[in-house]
Amino acid sequence: MHRSRRIAPPLLAALALVALALGVTACGWTNESNEAAEGEPVHLDGLKYNVIFSRYLNRNDNEDAAYLEGQPPPKNGSSYFGVFLEVQNKTEEDKTLSSEFSIKDVEGQKFTAIPSKSLYAFPAGGKVEPQEPIPAPDSTPQSGPIEGSLVLFELPAKVSENRPLKLFIGAPEGPAEITLDL
């Protein structure tokens, strides 16, 4: 009997925590922060940006060749890195997408997104209509294997040692920061 009294308080605490989590989820709580981890949205200028996937790209892979269309071979000691985004405009007005994307490593080195001619490229600086997503429904990026629009970077190999890498998305209200899962 003495033993069950010791188990009961931790069990009750765990049940209370689960109930609280369910209650918060049911209320529609969302993270409105400008800092998140890959897979979690950030909110900028009325748009919700979400990194759905990030990875190094291999031009010898059939899938990746489409993402790297029109790109020259990377410089010696560098590789292409893709960040795949999904953006939602939940407002009732046209919104302008960010055109400022950069990655920083823990040493503070900054790498700016490079232009892409791929059909999967993120339409940086473009417009997104009210209540619409990017990538647009039935578009090449939306129906592709990752279902996201590509922001392309060329990163030196040594950057992998300087993790975590953080994606910065520029906006008039201040940048958003997403820690990439690399």
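If you scan segment 98-150, which residues turn out to be aliphatic (A, V, I, L, M) and open to solvent by less than 40 Å² (accessible area, probe 1.4 Å)?
Taking segment 98-150 as the starting set, the residues that turn out to be aliphatic (A, V, I, L, M) are 103, 106, 113-114, 119, 121, 124, 128, 134, 136, 146, 150.
Residues satisfying the conditions are Ile103, Ala113, Ala121, Val128, Ile134, Ile146, Leu150.
Between a first residue in segment 160-173 that is surrounded by 13 or more Cβ atoms within 10 Å (Cβ to Cβ) and a second residue that is modelled with pLDDT of 90 or more and in a helix (DSSP H, G or I), which pairs have beta carbons less than 8 Å apart while being 6 or more apart in sequence or on different chains?
Close Cβ pairs (under 8 Å, with a partner that is modelled with pLDDT of 90 or more and in a helix (DSSP H, G or I)) amount to Leu165/Val159.
For (1) part of a loop (DSSP other than H, G, I, E, B); (2) among the hydroxyl-bearing types (Ser, Thr, Tyr); (3) modelled with pLDDT of 95 or more; (4) in contact with a helix residue (DSSP H, G or I) (Cβ under 7 Å, 6 or more places away or on another chain), each residue gets a yes or a no:
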{"site": "Leu12", "(1), (2), (3), (4)": "no, no, no, no"}
{"site": "Ala16", "(1), (2), (3), (4)": "no, no, no, no"}
{"site": "Thr25", "(1), (2), (3), (4)": "no, yes, no, no"}
{"site": "Gly28", "(1), (2), (3), (4)": "yes, no, no, no"}
{"site": "Lys48", "(1), (2), (3), (4)": "no, no, yes, no"}
{"site": "Arg59", "(1), (2), (3), (4)": "yes, no, no, yes"}
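Checking Val51 against (1) open to solvent by 70 Å² or more (accessible area, probe 1.4 Å); (2) within 27 Å of Pro133 (Cβ to Cβ); (3) not polar (S, T, N, Q): exactly one of these is not met. Which one?
Result: Val51 fails condition (1) only.
Find the residue count for segment 67-97, including only residues that are within 20 Å of Phe168 (Cβ to Cβ) and open to solvent by 80 Å² or more (accessible area, probe 1.4 Å).
Adding up the residues that qualify gives 0.
The values are calculated or read from the model by the stated rules, or taken from the named source; none is laboratory data. Quick caveat, the model's predicted, so the values are computed rather than measured. All Cβ positions, glycine included, derive from the backbone under ideal geometry; neighbour counts span all protein chains shown. We work out accessible area using only protein heavy atoms, side chains counted, and drop any ligands, DNA or RNA first. Shrake-Rupley method; radii C 1.70, N 1.55, O 1.52, S 1.80 Å.
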